[in-house]
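Below is one structure, written out as structure tokens; comments come after it.
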Amino acid sequence: MIWKRLENLFNQGHSDEPESAKNLLHSPAAISDLLSQYQSQNHLLTASQLSNHNSSSPENPVMIVEVDSGKRRFCCVSTSDQKTDNLMQLEDVLEFTVSMDEAQHRFKADLLASGSATANPIGHWFRFPQGIEQIQNRGAFRLKLSQAHPIEVTITTGTGPSFSGTLVDLSSTGMRIRHQGQPTITMGCGETFESCSWILEDGNRIHCQGQLIHWSYDDESGVGFLGIKFRAMNAAMQRILNRYLAQQQRKKRRISKRHSGA
């Protein structure tokens, strides 16, 4: 599966040191593969200019819409209403960041040209980066949940009917949910959900706003996955969630120790 493939890529030479930054991908083929996965999973990236000809360099949410491995370039479009096209000049260097599985992927790329992109009116073409770096978040813990006893999540969009899915994994900052069939909304990366609500195994209800940061759908299986970043979670809810995750982490460690000692 595509998620297992990503995990295998980044587990090569993995260290458990917190916040360890490693340039794990250098070859054009491996970089092309990962950029293509950002594209196929509709990941939301943040781009910021490193060139100094502008006094300010606002962060701009973008999506990759095309990857040209032959010419070693990729095309991005902005997902915001901000007009940044006139701020960029050829050979500008932009830094891209994307969150994935409690880690941040980061790379730098040069602007090559602006032109039409597949199914989009305008896009910016960038040269392949020399490497893609992964920075593991300190103390990050992502709880993987069994689908044998699914936890249902209800999503309210504010622009259409609500829909639901089941929790696949959960952390203090976000979650991934599985849904059967295509949701009855138009997916837009960066879209904000009015409400995300679910009940933990201990009976506590969690609800907050959310932002869609990636999504994918497989036509053959009819199954899709949504990556959601938590927004506007109040302090009381955050404490409940953090306590639940800490309990689950301790439980997993105890089970792991028993198995290793057997």
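The values are calculated or read from the model by the stated rules, or taken from the named source; none is laboratory data. Keep in mind that what you see is a predicted model, and the values were worked out from it rather than measured. Every residue, glycine as well, gets a Cβ built from its backbone with ideal geometry; the counts of neighbours run over all protein chains shown. In case anyone asks, the SASA skips ligands and DNA or RNA and just uses the protein heavy atoms, side chains included. Shrake-Rupley method; radii C 1.70, N 1.55, O 1.52, S 1.80 Å.
So is SER221 part of a loop (DSSP other than H, G, I, E, B) and either out of contact with any strand residue (DSSP E or B) (no Cβ under 8 Å at 6 or more places or on another chain) or surrounded by fewer than 19 Cβ atoms within 10 Å (Cβ to Cβ) (or both) or not?
Values: part of a loop (DSSP other than H, G, I, E, B): yes; either out of contact with any strand residue (DSSP E or B) (no Cβ under 8 Å at 6 or more places or on another chain) or surrounded by fewer than 19 Cβ atoms within 10 Å (Cβ to Cβ) (or both): yes.
For SER221, the condition - part of a loop (DSSP other than H, G, I, E, B) and either out of contact with any strand residue (DSSP E or B) (no Cβ under 8 Å at 6 or more places or on another chain) or surrounded by fewer than 19 Cβ atoms within 10 Å (Cβ to Cβ) (or both) - is met.
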Within segment 127-155, the residues that are without any contact (Cβ under 8 Å) to a residue 40 or more places away in the chain and among the hydroxyl-bearing types (Ser, Thr, Tyr) are SER146
Where ARG176 falls short, out of the listed (1) open to solvent by 20 Å² or more (accessible area, probe 1.4 Å); (2) more than 21 Å from ALA232 (Cα to Cα); (3) in a strand (DSSP E or B):
(2)
Hits in segment 226-249 (condition: over 21 Å from GLN104 (Cβ atoms), open to solvent by 30 Å² or more (accessible area, probe 1.4 Å) and in a helix (DSSP H, G or I)):
ALA235, ALA236, ARG239, ILE240, ARG243, ALA246, GLN247, GLN248
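Taking segment 112-169 as the search range and keeping residues that are among the charged types (D, E, K, R) and within 20 Å of the chain's Cα centre (by Cα), which one is modelled with the lowest pLDDT?
Applying the first criterion (among the charged types (D, E, K, R)) to segment 112-169 yields 127, 133, 138, 142, 144, 152, 169.
Now narrow it down to the ones that are within 20 Å of the chain's Cα centre (by Cα): 133, 138, 142, 144, 169.
Working: GLU133: 88, ARG138: 63, ARG142: 83, LYS144: 89, ASP169: 91.
Top of the filtered list is ARG138.
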Subset of segment 191-217 [open to solvent by less than 70 Å² (accessible area, probe 1.4 Å) and charged (D, E, K, R)]:
GLU191
Across (1) modelled with pLDDT under 70; (2) under 23 Å from LEU25 (Cβ atoms), VAL65 clears everything bar (1)
Residue ID - modelled with the lowest pLDDT, chosen from residues in segment 225-262 that are among the aromatic types (Phe, Trp, Tyr) and closer than 19 Å to SER146 by Cβ:
PHE225
Of all residues in segment 73-94 being crowded, with 16+ Cβ neighbours inside 10 Å and within 20 Å of GLN41 (Cα to Cα), which is modelled with the lowest pLDDT?
THR79
Index of the failed condition, THR159 passing every other in (1) outside any strand (DSSP E or B); (2) surrounded by 15 or more Cβ atoms within 10 Å (Cβ to Cβ); (3) out of contact with any helix residue (DSSP H, G or I) (no Cβ under 7 Å at 6 or more places or on another chain):
(2)
